[in-house]
Amino acid sequence: MSIAEKAFLGSLMKAEYLLKDTVIQPEQLESTRHKDLMRRMVEFNRVGKNVDLITLTTLPDLKLFGGMSYLSELLSYADVEKFDAMEKLILDSWKEREKRNILTVAAMNDWEIAKVIAELDKINQMKMDDHTSLQNALADIYEAPWEDQKLSEFATTGIKKLDKVTGGFRDGEVTILAARPSMGKTDVMLHFAKMSGWAGFLPLVFSLEMPEKLITSRLMASTGGFNRAKMRDPKRMLNPNQKNRWSDVIGDLGDTHIQIFDGAGQTIAEMRAKTRKLMNQYPHKKPILFIDYLTLISSGQFYGGNSHLQVTEISKSLKTMAKDFDCPVICLAQLNRSVESRAEKRPMMSDIRESGSVEQDADIILFLYREAYYNKESQDHSIEIIISKNRNGPVGSLNVNYNQETGRIEEQNESLPL
């Protein structure tokens with residue numbers, strides 16, 4: 001039997017908090033005995049029982065699992081420090097078995113090539129190693145020894161007026177940032193991520209749609225004030241002054257310590273595992289999670305195409321994750337097309353896809369609206385941030401300047417209409 005599986009189960013017995021955060025499902029283990037044992041552990045955990053050696057010896061069918069001696073053997077293989085490596089080994093061997101199964105079924109049932117490729121792609125999308133530190137993505141820059149910083153009780157949004165109304169991003173709270181496509185959602189999110197990073201937090205960006213290279217490019221453009229079109233070929237298109245500032249921008253962005261995970265179809269369990277890992281790597285920094293975006297998160301269960309149930313599960317899981325890690329979670333969401341058919345195009349709560357549970361679970365809901373998107377003649381280069389729900393304060397709206405060419409967000413000096 002796989003030593004990785006033994007070490008994995010032993011580690012769950014030794015540190016049962018890992019059971020909540022592991023991406024491995026019982027079905028992904030190879031040994032039937034190990035599958036059954038993990039199912040029992042999950043069941044024990046669900047009803048509030050411990051999953052340690054003593055409790056597991058109370059199993060009525062203990063002999064089926066090899067008795068006390070086998071459980072003790074599993075515990076002796078435990079190695080919490082290498083837990084992530086064990087998960088990866090188990091996941092990789094499960095993928096190989098699944099691929100073989102798919103190819104066998106495809107041969108027996110004479111599947112079309114496109115179907116075979118689609119099924120294999122689903123397997124390949126499950127990743128633990130899609131993590132890129134922004135510092136590595138930008139360049140190998142030397143990380144200055146950090147000083148312990150006293151963190152404020154909230155993460156700044158980087159927009160003073162928004163901080164004043166919402167109190168910033170608070171621990172244990174979920175913020176939904178919703179808009180129609182091309183309104184600037186990702187640029188606003190990256191602005192939030194940069195600002196919280198510079199304030200001493202650890203921003204974790206889970207980008208389920210946009211690849212790391214594009215995120216890095218957008219961060220460079222908005223921070224350095226570079227036109228995004230020029231980022232495709234910096235050598236040819238940037239002027240000498242911009243090239244001289246390039247390394248300074250890289251240095252500034254390196255200080256944010258932004259971490260990027262760009263795997264498609266990530267589940268909440270995967271995000272939890274990656275967050276836990278980064279919290280161990282940066283013990284002096286409080287994480288702040290950014291997810292782009294809600295309906296691209298893979299559900300832990302199969303709902304037979306019922307998107308309402310799926311969004312309800314994910315929405316509740318986001319709130320649980322914020323509370324368990326005691327950190328802010330900011331999740332982007334798409335709006336329904338129904339906005340486009342109305343005369344008044346400013347978004348409303350009902351425009352969020354499957355909005356019921358999201359509206360209930362979120363602590364803050366922000367909508368973005370750009371007049372210039374609908375009126376091409378408009379000279380208004382701003383984004384209106386509509387605070388539609390605010391558990392700890394008033395609702396209202398405010399404007400920030402938005403440079404579409406660079407993606408940069410800046411304050412506007414005006415009073416806040418509330």
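The values are calculated or read from the model by the stated rules, or taken from the named source; none is laboratory data. Everything quoted here is computed from the prediction, not taken from an experiment. Every residue, glycine as well, gets a Cβ built from its backbone with ideal geometry; the counts of neighbours run over all protein chains shown.
For segment 237-337, give me every one of the helices (runs of 4 or more DSSP H) that falls completely inside it and has 2 or more residues that are modelled with pLDDT under 90 and under 22 Å from residue 350 (Cβ atoms).
Answer list for segment 237-337: 307-325.
Just to verify a result, which residue in segment 77-108, among those that are exposed (fewer than 12 other Cβ atoms within 10 Å of the Cβ) and within 34 Å of the chain's Cα centre (by Cα), is nearest to residue 22 (Cα to Cα)?
It comes out as 81.
With respect to the numbered conditions (1) buried (at least 22 other Cβ atoms within 10 Å of the Cβ); (2) on the phi > 0 side of the Ramachandran plot, which one is the sole condition not fulfilled by residue 200?
(1)
If a residue has to be without any contact (Cβ under 8 Å) to a residue 40 or more places away in the chain, part of a helix (DSSP H, G or I), closer than 16 Å to residue 7 by Cβ and not charged (D, E, K, R) to count, how many in segment 27-63 make the cut?
Adding up the residues that qualify gives 4.
Go through segment 250-274 and report how many residues are within 9 Å of the chain's Cα centre (by Cα) and of a type in the set (Ser, Thr, Tyr).
Counting residues in segment 250-274 that are within 9 Å of the chain's Cα centre (by Cα) and of a type in the set (Ser, Thr, Tyr) gives 1.
May I ask you to say which residue of 78, 7 is assigned to a loop (DSSP other than H, G, I, E, B), touching a residue at least 60 places away in the same chain (Cβ under 8 Å) and not assigned by TED's automatic domain parsing to the domain that holds residue 278?
78
If residue 182 satisfies all but one of (1) over 20 Å from residue 396 (Cβ atoms); (2) of a type in the set (S, T, N, Q); (3) crowded, with 22+ Cβ neighbours inside 10 Å, what's the number of the condition it fails?
It is condition (3) that residue 182 fails.
I'd like the full set of residues that are of a type in the set (S, T, N, Q) and more than 24 Å from residue 335 (Cβ to Cβ), limited to segment 167-206.
Scanning segment 167-206 gives a single hit, 196.
Would you mind stating whether residue 201 is at pLDDT 90 or above and more than 30 Å from residue 273 (Cα to Cα)?
On the way: at pLDDT 90 or above: yes; more than 30 Å from residue 273 (Cα to Cα): no.
In short, no.
Can you run down the residue pairs with Cβ atoms below 9 Å, 6 or more apart or on separate chains, where the first is in segment 385-401 and exposed (fewer than 13 other Cβ atoms within 10 Å of the Cβ) and the partner is outside any strand (DSSP E or B) and among the β-branched types (Val, Ile, Thr)?
Short answer, once both residue conditions are applied: 392/166; 394/165.
When you scan segment 66-76, how many residues do you find that are modelled with pLDDT under 90 and buried (at least 18 other Cβ atoms within 10 Å of the Cβ)?
Adding up the residues that qualify gives 0.
Looking at residue 343 and the list (1) in a loop (DSSP other than H, G, I, E, B); (2) among the small types (Gly, Ala, Ser); (3) buried (at least 18 other Cβ atoms within 10 Å of the Cβ), which single condition is not satisfied?
Failing condition for residue 343: (3).
Which residue out of 222, 217 is out of contact with any Cys (no Cβ under 8 Å at 6 or more places or on another chain), closer than 27 Å to residue 333 by Cα and free of Cβ contacts under 8 Å to residues at least 60 places away in the same chain?
The match here is 217.
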